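Right, one structure below, let's go through it.
Nothing in this text is a laboratory measurement; each read-out follows from the coordinates by a stated rule. Values in this document were obtained by computation on a predicted structure and should not be read as measured data. A quick note on method: Cβ atoms are made from the backbone with ideal geometry, for glycine too, and the neighbour counts reach across all protein chains shown.
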Amino acid sequence: MKIGAKSAIAAAIVAAGIVLSATSASAYIACNREGFCWHVRNRVMYRPAWGVVIHPDNWRWRARERYQWREHEGRGYWRNGIWIQF
């Protein structure tokens, strides 16, 4: 096999590996009654008393709605401006 053909095959294999590993990230947006929103990696079941609503990642609030982004690492939720981890 010629060097050019080997290089083309190797490039195709690398490209296929990149495509297969580049799966779309499944994320969600969580928002609470206070108007704080943050990204979550998994659809966590929040207790109804916590007032957290889960939206798909492409969700956007409307022009008259007032929300703020408050990102935080780990599992939890915002309550009275404080991150409660669980």
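Numbers below:
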| read-out | value |
| --- | --- |
| Added length on full extension, which subtracts the Cα-Cα distance from 0.36 nm per residue, PHE86 to GLU34 | 16.8 nm |
| Fewest-first sequence of GLU34, GLU71 by Cβ atoms within 10 Å of each Cβ | GLU71, GLU34 |
| Ascending count of other beta-carbon atoms within 10 Å, so fewest first, for PHE36, PHE86 | PHE86, PHE36 |
| For the stretch 44-86: rounded, prolate or oblate by the Cα gyration tensor [a/c cutoff 1.5] | prolate |
| Spin-label pair TRP69/VAL53, simplified geometry with 7 Å Cα→Cβ offset, distance in nm | 2.0 |
| Per-residue Cβ neighbour rank within 10 angstrom, fewest leading, ILE82, ILE29 | ILE82, ILE29 |
| Net dipole in debye of the stretch 28-85 [+1 Lys, Arg Cβ; -1 Asp, Glu Cβ; about Cα centre; nearest 20] | 160 |
